[in-house]
2 protein chains.
Amino acid sequence: MGVDVFDTNMPKRYSPVVTEAANSDDVPNLPPTSWAVLGMLSHADELSGYDLKKWADWSLQFFYWSPSYSQIYAELKRLEKHGLATSRAVIQQDGVRGKRMYTITESGRKAAARWVNDAPVEAPVLKHSVMLRVWLGNLAEPERLREMLEAHIAYVEKMAKRAEADAKGAESNPDWAYPSAVLRWCTRHYESERDLAQELLADIDTLPKRRRRKHG
Amino acid sequence: MGVDVFDTNMPKRYSPVVTEAANSDDVPNLPPTSWAVLGMLSHADELSGYDLKKWADWSLQFFYWSPSYSQIYAELKRLEKHGLATSRAVIQQDGVRGKRMYTITESGRKAAARWVNDAPVEAPVLKHSVMLRVWLGNLAEPERLREMLEAHIAYVEKMAKRAEADAKGAESNPDWAYPSAVLRWCTRHYESERDLAQELLADIDTLPKRRRRKHG
DNA sequence: CGTTGCATGTAAGGTGTTACATGATTAC
DNA sequence: GTAATCATGTAACACCTTACATGCAACG
């Protein structure tokens, strides 16, 4: 393994060296998911855990991932414990169900800003099970591989359309300028995934078929 | 939230309905990471845990992610427990260090093939911290956003070049036809990520700057 | 009157990481 | 000699999911 051009170990962070400000006690050391939830709170007045989950499915989902309900509730408690968010109980009355609404605090807004600006950026994580299967293509039935890639193409097309529709809905509001820029990125990302999957499909069709059980 | 065209809940699996064969007792229910490790074993004669980690850094890394040493050792034990791999101890002698070499079993090869063909395919997982920060761009310093995106572009360019070099190295061997097709996909994927990041950079430059602390 | 949606949470367990420990060999 | 690499593993813990429990409201 005498390669000298590239590092074997790619960084998990883009800037591993923590600048003095980054992990001082005014910005608690939380996982990105916490900041994602706090970030959603920063885009709204008041949200319940349920609201947050629904919204995560329509926004975070495209470029991060949507945490489960239970994790969202846990994160909210943690954020409140750190003073980054506050909550008020909305008790049930007149046929309106009880719930707990969360709001970002001023301290939370500052901490989020410092996290965005100063915390080391984690390298993007990709876990592409479809590619994992193609990578093991020598074990697979060619038809199954094709089916998988076609299901994947359908999936990314759906995501591209959803992102596009969301981007359209968001771009009218100047407060959502950054979220809509990201949604435009997502649209292009999923469209590009579609094209890449189609090229891969064409690519593996040129491969000599070493195993073929049926071709009827 | 009266959208009727798309599902709010995107599938975590492409085919949630398990076909009779998929989870019968002959294919143990293991996480994708286990199959990834078994898959690496299926591409080689005999590998140590250390070898597997090194190889994961150069192959899986591009489209899946590279598990830590400790997890690889744990996965190997699990695979052996299920009879999908066997190991032999290479004791140290004549200045050669001791180690344990793992081999896929015939049963392991069959199980891996059934997993690839029949198990429901997990939707790809993307955790893009860079996009998360851009999404919170209203909290950020524009210059920091720019720096992050530029670091990201440098990262994906590095990945693209590594994938391309690997693809070149692999394509001569006909046994690696599928791995090299995937590496070509990875090359295009990272090149596309670079282009997308550049477009996003241009996109956010057109945004009205609501906050600006310094511009010297 | 049953299903769906709203709403919140707990418990258990799986997945995966970091830090640590150990010790030999190789390269500078 | 001391730093890096080879090689394996344990322990502690963080992260996250699934399954489960609960109960009301609205819709048909």
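Distance from the alpha carbon centroid of region B:38-111 to that of region B:181-197 works out to 28 angstrom. Treating each Cα of region B:32-118 as an identical point scatterer and summing with the Debye formula, the log10 of I(q)/I(0) at q = 0.19, 0.21, 0.24 Å⁻¹ comes to -0.82, -0.98, -1.22. Sorted from longest to shortest, the spans of the Cα atoms of region B:54-196 along the three principal axes equal 57, 38, 32 Å. Comment: the Cα-to-Cβ extended label point of B:K209, at 7 Å, lies 5.9 nm from its counterparts in the other copies, nearest first. Once backbone amide H atoms are built at 1.01 Å from N, B:A85 has B:E80, B:T105 as its partners under 5 Å, excluding neighbours fewer than 5 places away on the same chain. Closest approach to the axis carrying A onto B, counted by Cβ on chain A and given in whole Å with its residue, is A:S192, 2.
Please compare each pair in B:K99/B:K127; A:K99/B:K127; A:K54/A:K168; A:K53/B:K209; A:K127/B:K54; B:K81/B:K168 to a cut-off of 25 Å on the Cα-Cα distance and tell me which ones are over it.
On the way: B:K99/B:K127 35 Å; A:K99/B:K127 30 Å; A:K54/A:K168 19 Å; A:K53/B:K209 30 Å; A:K127/B:K54 18 Å; B:K81/B:K168 36 Å.
Check vs 25 Å cut-off fails for B:K99/B:K127; A:K99/B:K127; A:K53/B:K209; B:K81/B:K168.
Out of the trypsin sites (Lys or Arg not before Pro) in region A:36-103, which ones are loop residues according to DSSP with at most 11 other C-beta atoms within 10 Å? Write down the numbers at each step before the final one.
On the way: sites: A:K53, A:K54, A:K77, A:R78, A:K81, A:R88, A:R97, A:K99, A:R100; in loops: A:R97.
Qualifying residues, ordered by number: A:R97.
In terms of Cα atoms, the Rg and Dmax of region A:129-205 work out to 15.8, 51 Å.
Under 5 Å from the amide H of B:V90 lie the amide H atoms of B:K99, B:R100, B:M101, each residue being 5 or more positions distant or on a separate chain, with H modelled from the backbone and absent for Pro and chain starts. The H on the amide N of B:A123, modeled in the peptide plane, is under 5 Å from the matching H of B:R13, B:Y14, each at least 5 residues off or on a different chain. How many percent of Cα pairs in region A:105-164 exceed 13 Å? Taking all Cα-Cα pairs of region A:105-164, the fraction more than 13 Å apart is 74 percent.
For B:K110, inter-copy separations between label points set 7 Å beyond Cα along the Cβ vector come to 6.5 nm, shortest first. Take B:P28, push a point 7 Å out from Cα through the beta-carbon direction, and compare it with the same point in every other copy: 3.9 nm, smallest first.
The numbers here are math on the coordinates, done by the rules we state, and not lab data. Note that the structure is a prediction, hence the values are computed from the model and not measured. All Cβ positions, even for glycine, are placed from backbone atoms using ideal geometry, and neighbour counts span all protein chains on display.
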